[in-house]
Amino acid sequence: MFKRFNERWEVKKITDITELKKKAIDLRRDTLKMLTKAGSGHTGGSLSVIEIMALLYYQRMNIDNRDPRRKDRDKFILSKGHACPALYAILADLDFFPREELWTLRKLGSRLQGHPQLGLPGVEISSGSLGQGLSISVGMALADRMDDLNTRIYCLMGDGETNEGQVWEAAMTAAHYKLASLCGIIDCNKLQIDGRCCEVMNPGAHAKKWESFRWHVIEADGHDFKELQNAFDEAAAVLDRPQMIIAHTVKGKGISFIENQVAWHGIAPKKDELNKAFAELDKQRKALDG
Amino acid sequence: MDWGGKDKVSTRDGFGKALLELGETNKDVVVLSADLTESVRAHWFKEKFPERFISHGVAEQDMIGAAAGMALSGKVPFACTFGAFASGRAWDQVRISVAYMDLNVNIAGTHGGISVGADGATHQSLEEVTLMRVLPNMTVVVPGDAEEAFLATKQAAEMPHPVYLRLGREAAPMFKNNPGFTIGKASVMVPGDDLTIVVCGHMVLKAMAAAEELAKKNISARVINLHTPKPIDKETLIKAATETGAVLTVEEHAVAGGMGSAVAEVLVENRPVPMKLMGMKGKFGVSGEPDKLYEFFHLTERYIVEEAEKLIARK
């Protein structure tokens, strides 16, 4: 059972899948523009998380842009902090802070740090040192349960990130305390900085690992809104254990020359590349309108 | 706090008793422990407030992260384990999940210093002050007796910032006259004009005994209990350096980056005077009885007197 709140929540929900797809295109556009203006940043891993985050922010989470730290809000923990351009694009679109600030990413004096910092409205944690978000999510889930708050905590990690030992400590703790309000998502884009995950540090079978840690595991196409909806529905119905959605994604998703390219992990598009990318996104948008 | 007439109580006991009191007075206080619950004296809290106690297994990194998450959700967590693990094993978690976010996470590291004794080097943490004071937003407290540990714990809960408490394992003598305790404000334990001995933790009473010995030799030593190496009480230290002209620091901790280094950083910029830093120098601890270890590493009253005399000769 996924109990919802009776109170009015300030962020309007999008239920229509075509509308969500359009939103994803707009978010990719903002994400790429921010990165180009910044001149550096993490393009591949920001593009692979767009659908997952769009679904959570525009459809699933109870959040309040007038009171970002409202005690009974759902929480999105971006453990893979380097994907923050996607998070910033969403938070600005949802009026957590002025949209103009997007173009200050990574500049001196900006609240949009190269990796997220607590203080920017809507940002739940400072992250960037990998492996820490799931532990923080565990603490939030424990605290909210003590306070009888009916919240959901979503924690998004990278597949490379699960190399970190701390992730498995948190996996153990969340299961030990049967934290059913906690839903992890692994952005399984199969690439990390040094190359293909299976070559850099073969993680073995993600699903079996989490199952053996006593998590409820769901696999889904991380770019298919329908599959993601079903996955989050299934997760929300689990009451006795934490859930892990293994979202199969494409690094750099949506832009042909960025997709599946290891080199695009930590670089930003140049101006001409941005124009080419925009042209591709325009085409995708037209296809949806048509 | 009533210590039942005991003259020797460990600082970890002072911490544990404060947790018990905080459990009553602050419903947001929660305690996390990494499989060392009785050793860190969190068991009294656990018995009385089981619903606010989190057994965290031997998973210190996750424990620190979870404490941060609880603080973000409005709790006042105390994460407890041995100092070696709290400050070392989980350092990056403390750096990013706690200090960078500037959360009210209180970290209690017991078993600080060589006085841990028989367990040896792995468990005698000598680096916590160094590792913790380098972090922005972090407060570092080294209580000198159980009463100070009790008060430090209660004050830490009230501070909306991270605090690291360095606590000892051994039952240690209580101060006879407690000059009062406020985090961040150094305590002048003994007045004096010829030199200043700056000290913290279990070494405070040894320095006070050394000051008595020095008095017999007509040397008037001021003893300052610098229980808070960070934020450091510059005013008291500069005044002491100005008035006494020589500063000896004594700690049961690595000299590199420790309390003595913190004092030196203040004085070198404001009031340079001859200094000597006593503590652990480039060595790990070893197994042994605490008193024999103090002697082995030259951290007793006798060596403090010797170094004080040598230092005065340099004035």
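The values are calculated or read from the model by the stated rules, or taken from the named source; none is laboratory data. Note that the structure is predicted; figures quoted are calculated from it, not measured. Don't worry about glycine lacking a Cβ; one is built from the backbone with ideal geometry, like all the others, and counts go over all protein chains shown.
Values computed for the structure shown
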read-out: Members of the range A:244-290 that are surrounded by fewer than 12 Cβ atoms within 10 Å (Cβ to Cβ) and at positive phi; value: none
read-out: Boolean, A:Glu219 is among the charged types (D, E, K, R) and in a helix (DSSP H, G or I); value: no
read-out: Subset of the range B:276-315 [surrounded by fewer than 20 Cβ atoms within 10 Å (Cβ to Cβ) and either modelled with pLDDT under 95 or in a strand (DSSP E or B) (or both)]; value: B:Lys276, B:Lys315
read-out: Identity of the residue in the range B:258-274, in a helix (DSSP H, G or I) and crowded, with 16+ Cβ neighbours inside 10 Å, that ends up nearest to the chain's Cα centre (by Cα); value: B:Met259
read-out: Helices (runs of 4 or more DSSP H) fully within the range B:1-73 counting 1 or more residues that are surrounded by 24 or more Cβ atoms within 10 Å (Cβ to Cβ) and hydroxyl-bearing (Ser, Thr, Tyr); value: B:11-25
read-out: Number of the exception - A:Leu228 against (1) in contact with a helix residue (DSSP H, G or I) (Cβ under 6 Å, 6 or more places away or on another chain); (2) farther than 21 Å from A:Ile50 by Cα; value: (2)
read-out: Condition check for A:Asp30: more than 10 Å from the chain's Cα centre (by Cα) and on the phi < 0 side of the Ramachandran plot; value: yes
read-out: Members of the range A:95-111 that are free of Cβ contacts under 8 Å to residues at least 40 places away in the same chain and touching a Ser or Thr at 6+ places or on another chain (Cβ under 9 Å); value: A:Glu101, A:Thr104, A:Ser110, A:Arg111
read-out: Total residues in the range A:172-182, condition within 9 Å of chain B (Cβ to nearest Cβ), in a helix (DSSP H, G or I) and closer than 21 Å to A:Asn150 by Cα; value: 2
read-out: Pair list, Cβ < 8 Å and 6+ apart or interchain, from the range A:126-142 residues that are more than 7 Å from chain B (Cβ to nearest Cβ) to residues that are part of a loop (DSSP other than H, G, I, E, B) and charged (D, E, K, R); value: A:Ser127/A:Lys80; A:Leu130/A:Lys80; A:Leu130/A:Glu164; A:Gly131/A:Glu164; A:Gly133/A:Lys80
read-out: Counted residues, the range A:254-290 - those being among the charged types (D, E, K, R) and under 27 Å from A:Gly128 (Cβ atoms); value: 4
read-out: Residue ID - nearest to A:Leu134 (Cα to Cα), chosen from residues in the range A:61-96 that are among the basic types (Lys, Arg) and within 13 Å of the chain's Cα centre (by Cα); value: A:Lys80
read-out: Boolean, A:Asp147 is over 16 Å from the mean Cα position of the chain (by Cα) and more than 8 Å from chain B (Cβ to nearest Cβ); value: no
read-out: Search result, residues across the range B:166-215 that are buried (at least 21 other Cβ atoms within 10 Å of the Cβ) and at pLDDT below 95; value: B:Ala172
read-out: Contacts under 7 angstrom Cβ, first residue in the range B:73-85 being within 14 Å of chain A (Cβ to nearest Cβ), partner basic (Lys, Arg), 6 or more apart; value: B:Gly74/A:Lys71
read-out: Of all residues in the range A:82-108 being touching a His at 6+ places or on another chain (Cβ under 7 Å) and either of a type outside the set (Gly, Ala, Ser) or not in a helix (DSSP H, G or I) (or both), the one that is surrounded by the most Cβ atoms within 10 Å (Cβ to Cβ); value: A:Cys84
read-out: Any chance B:Met101 is within 21 Å of A:Gln166 (Cβ to Cβ), modelled with pLDDT of 95 or more and surrounded by 24 or more Cβ atoms within 10 Å (Cβ to Cβ); value: no
read-out: Enumeration of residues in the range A:150-171 that are more than 27 Å from B:Lys27 (Cβ to Cβ) and within 8 Å of another protein chain (Cβ to nearest Cβ); value: A:Gly165, A:Gln166, A:Glu169
